[in-house]
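For reference, the structure is listed below as structure tokens.
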Amino acid sequence: MTTSSLTFSPIPLPPSANPKYFSDFGRKVDGFDPSQMTPSQKDEIINNLYKHSVLLFKNTKITPEQQYELTHSFDPAADTYGHGNNKTGNTKSSILHPDLKTIPRQPQVQLIGNGRVPGEYEGLDSPQLRHPHHKTFHKSPVSQEDEDKGITRFYRWHIDAALYNLSPPKVTSLWAVKVPQGHTQICRYDDGTGDELPVPLGTTAFVSGKNMFDILSPELQSLAVRTKVRYAPHPYVWMSKAHALPTGLGIENEGLELDLEELPEWEESKIKTFPVCWKNPVTGSLHIQVHPCGAHQLLIDALPTGSSKENALYPDGAHITDLTKVREILYSLQRPGISPELVYPQDWEEGDLVLFHNRGLLHSVVGAFTEDQLRMFHQCNLAASDDPIGPNEQDIKQYA
Ligand SMILES: [Fe+2]
């Protein structure tokens, strides 16, 4: 520990965040120089990421090669970008591709942001970047009048994951190269709760999957540890015509998903079925990790023998294929975990490097930029060499 010279301290929280949920969440790391990283520093960073979910390094300079090296050290057997690198026409209708520009000499690193980059940048010829705007995705976006007053939304709560064929990356790294200054915005939930959250312009919002699990009632925790989510094949193509809820936490039930026959060719064996709760490899904690937009079906196990059935949800188990019901159940498990006091909105400054535990939290793009506001980030994650692990026997005994 003492040899690596890194120090870890709590990240500063905004007044909206309730500190009781953040004692373990988020650490600022000092003493790290990406050009001099040592194996022991990498080990310490990996260990701390699993314990604290978000690591923030200020005033960093990191090349795409170094960013790849650091990200890769979490999963040495992984090598390709989290969504794969092949832009072979068959997934071009996916909703993700327009937002990504690949850095040619290090294709696992993407340039993301907003505005047109002047001139050549990292081998890209004046790339045009686009910050996703919720009005392109939400069913009922904020009115222009409200947007002019600085009202915004969570764009889409998610895990960085292809959710088909490839396994969810363990970590994502985000390095802020250019951050436009602007006014605080108000992120509105617009789900009838009146919830809202002041956010820095263009924040990335994070919520802990562990908090999401810990705050649930025993009945919902029992359901969470017994449930698996089966994702649609090519989920981002499947949902490409659908619209999101105003919270960005899932899809409206409008029947706009493509029929499975309309999708690009897919194989049963490549469909992903993941537990609702993913077990943290260092702490053993359970994190609710569901990408609600891509969820297609739920597989619920019956209560284990000997558990009390009193108040239990689905005590005999179930296979839920009705999409409305699937979404309703997931929303009941996830909505409590995104309430304003549980959100950490990163207030980006140029030179910030953030590593986040992609298997331990959900995150969302927030806010809206004007065309002339230039924002540039380097993002890297790698499709993992294994799938996440769910609750073990002990967890089932404790919570089911
Ligand atoms: Fe993301």
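Just so you know, all these numbers are worked out from the coordinates, no wet-lab data involved. For clarity, every value in this text was computed on a predicted model and none was experimentally measured. Methodologically, a virtual Cβ is constructed for each residue, glycine included, from the backbone with ideal geometry; neighbour enumeration extends over all protein chains shown.
What is the P(r) of the stretch 162-215, as percent of Cα-Cα pairs per 10 Å bin from 0?
16, 31, 36, 17, 0
Could you compute the net charge surrounding Ile62? Neighbours are other residues with a C-beta less than 11 Å from the C-beta of Ile62; K and R count +1, D and E count -1. Kindly include the intermediate steps, with their values, before the conclusion.
Details: positive: Lys61; negative: Asp33, Glu65, Glu69, Asp352.
Cβ neighbours under 11 Å give a net charge of -3.
Provide the three semi-axes, in whole Å and in decreasing order, of the ellipsoid equivalent to the chain as defined by the square roots of 5 times the Cα gyration tensor eigenvalues.
Values: eigenvalues 190, 127, 99 Å².
Computed over the chain, the values are 31, 25, 22 Å.
Rounded, prolate or oblate for the stretch 316-385? Axes are the square roots of the Cα gyration tensor eigenvalues, ordered a ≥ b ≥ c, and the cut-off for rounded is a/c under 1.5.
Working: a/c = 2.32, a/b = 1.90, b/c = 1.22.
Cα axes put the stretch 316-385 in the prolate bin.
So for the pair Ile215, Lys325, with labels modelled 7 Å out along Cα→Cβ, what separation do we get in nm?
The modelled label-to-label distance comes out at 2.8 nm.
Quick one: Debye curve from the C-alpha atoms of the stretch 183-263, no solvent, what's log10 I(q)/I(0) at q = 0.18 Å⁻¹?
-1.10
Show me 63-74, 382-393 ranked by packing, highest mean number of other Cβ atoms within 10 Å first.
Numbers: 63-74: 19.7, 382-393: 17.2.
The densest-packed peptide leads the list: 63-74, 382-393.
Test of understanding: ordering Arg105, Arg188 by Cβ neighbours within 10 Å, fewest first, what list do you get? Intermediate results must be reported in sequence, preceding the final value.
On the way: Arg105 11, Arg188 18.
Taking fewest neighbouring Cβ atoms as first place, the list is Arg105, Arg188.
Suppose every Lys and Arg Cβ carries +1 and every Asp and Glu Cβ carries -1, with no other charges. What dipole size does the chain come out with about its Cα centre, to the nearest 20 debye? Intermediate results must be reported in sequence, preceding the final value.
On the way: 36 positive and 49 negative charges, 76 e Å.
The dipole magnitude comes to about 360 debye.
Projecting each Cα onto the charge dipole of the chain (Lys/Arg +1, Asp/Glu -1 at the beta carbon, about the Cα centre), which of Leu256, Gly202, Met239 comes out farthest on the positive side?
Gly202
Skipping prolines and chain starts, which residues have an amide H placed within reach, meaning under 5 Å, of the one on Val171, given they are 5 or more residues away or on another chain?
Here Asn358, Leu382 satisfy the definition.
Quick check on the stretch 62-217: what does the Kirkwood estimate of hydrodynamic radius come out to from the alpha carbon pairs, in Å?
Working: mean 1/r = 0.0551 Å⁻¹.
It works out to 18.2 Å.
Taking amide H positions as placed in the peptide plane 1.01 Å from N, state which residues far from Trp348 in sequence (5 or more) or on other chains have amide H under 5 Å from it.
Result for Trp348 returns Thr204.
Note down the relative contact order for the chain as a percent, whole number, built from C-alpha pairs under 8 angstrom at least six residues apart. Don't skip to the end; give the middle numbers.
Working: 911 pairs, mean separation 114.1, N = 400.
Over the chain, the number comes to 29 percent.
Could you run the Karplus curve 6.51 cos²θ - 1.76 cosθ + 1.60 with θ = phi - 60° over the stretch 298-304 and give me ³J(HN,Hα) per residue in whole Hz, x for Gly and Pro?
Result, rounded to whole Hz: 10, 10, 10, 7, 5, 4, x.
Of the listed pairs Lys28/Lys61; Lys270/Lys397; Lys28/Lys149, which have alpha-carbon separations greater than 23 Å here? Don't skip to the end; give the middle numbers.
Working: Lys28/Lys61 16 Å; Lys270/Lys397 31 Å; Lys28/Lys149 33 Å.
Pairs exceeding 23 Å: Lys270/Lys397; Lys28/Lys149.
Please report the net charge: other residues with Cβ closer than 12 Å to the Cβ of Tyr314, K and R +1, D and E -1. Intermediate results must be reported in sequence, preceding the final value.
Values: positive: Arg226, Lys309, Lys325; negative: Glu219, Asp301, Asp316.
Net local charge, Tyr314 excluded: 0.
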